[in-house]
1. Say each of residue 6 and residue 106 gets a label point 7 Å from the Cα, pointing the same way as Cα to Cβ; how far apart are those two points in nm?
2. So between residue 129 and residue 211, what do we pick up on full extension, going 0.36 nm a residue minus the alpha carbon distance?
3. Please give the calculated 222 nm ellipticity per residue for the chain, where each DSSP H segment of at least 4 residues contributes -39500 (n - 2.57) and the sum is spread over every residue; nearest 500 deg cm²/dmol?
4. What percent does the relative contact order of the stretch 29-72 come to when contacts are Cα pairs within less than 8 Å and at least six residues apart?
5. Using modelled backbone amide H atoms (1.01 Å from N, in-plane), which distant-in-sequence or interchain residues come within less than 5 Å of residue 180's amide H?
6. Report the calculated FRET efficiency for residue 157 and residue 201 (r = Cβ-Cβ distance, R0 = 30 Å), to the nearest 0.05.
7. What do you get for trypsin sites (Lys or Arg not before Pro) in the stretch 147-218 restricted to DSSP loop and a cutoff of at most 15 other Cβ within 10 Å of the site's Cβ?
8. What residue among 134, 147, 57 has its Cα farthest toward the positive end of the dipole of the chain, where the charges are +1 on Lys, Arg and -1 on Asp, Glu, each on the Cβ?
Amino acid sequence: MIKYIKLFLLAILPSRLKILLLNMRGHKIHPTCKIGICYLDIAHITLKEGASINHLNVFKGLKSLEMGSYARIGGRLNWFTASALHDRTPSFGKLTIGDGSNITSKHFFDLQQQITIGKNSLIAGFRSTFWTHGYRTTEPSNNHSITIGDHCYIGSQVIFTPGSGVGDMVFVGTGSVVTKDHTSSNKCLIAGNPAGIRKKYTGGEEFFTTNHSGFKPRKK
């Protein structure tokens, strides 16, 4: 009960005071970062220059959160959760978000294993789910990490299953169910259920040459 009271009090503190207190506890948060009213049950937090977390996001039971420069969890009502009762492997409860990447609203991240999002990628729209654990008839604990490459776009209501992922410069179409590891496939559109490669890109398209931090165009 005391733990939950402390987390609640931490949640409602102003951003600067919250960051000061977290750094005093051993976390590594750059002074230019911003953290809104959020439930932060995370053992180790590392936020680089300009990273930000908006109000009303929930982090429960995570081992670590690492956000690169100007990475954003910009939306609200995102859930990032892990249960130590099920997995204590080295990659348990780890979330890594690369420089300039963005997560919008109402997404769900199951972190029984690590989820890695590369640089300048968008988890766009709403209600996509990332499942790192599941069950099989022959394997009661089917836990595997998920990887999203650099300059990717993940549409609304996409499902990633344990061990799945995509490479660099990949669009994932709305409503797709990604069941395989596509991390060796770059510059393509992946869509469908189960998702497969539907189109190839050159990599010179506007989306892939844009800095997506804050949804702002690249500074020249």
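1. Reported label-point gap for residue 6 and residue 106 is 3.5 nm.
2. Details: separation 82, 0.36 × 82 = 29.52 nm, distance 2.43 nm.
So the chain would gain 27.1 nm between residue 129 and residue 211.
3. Details: 2 runs with 20 residues, N = 220.
Calculated at 222 nm, the ellipticity per residue is -2500 deg cm²/dmol.
4. Details: 100 pairs, mean separation 18.9, N = 44.
RCO, the stretch 29-72: 43 percent.
5. 165
6. On the way: r = 22 Å, r/R0 = 0.75.
The value I calculate is 0.85.
7. On the way: sites: 180, 187, 198, 199, 200, 218; in loops: 180, 187, 218.
The qualifying sites are 180, 218.
8. Of 134, 147, 57, it is 57.
The values are calculated or read from the model by the stated rules, or taken from the named source; none is laboratory data. What you are looking at is a predicted structure, and each value in this text was computed from that prediction instead of being measured. Note that each Cβ is placed from the backbone with ideal geometry, even for glycine, and that neighbours are counted across all protein chains shown. Heads up: the accessible areas ignore ligands, DNA and RNA and are worked out on the full protein's heavy atoms, side chains in. Shrake-Rupley method; radii C 1.70, N 1.55, O 1.52, S 1.80 Å.
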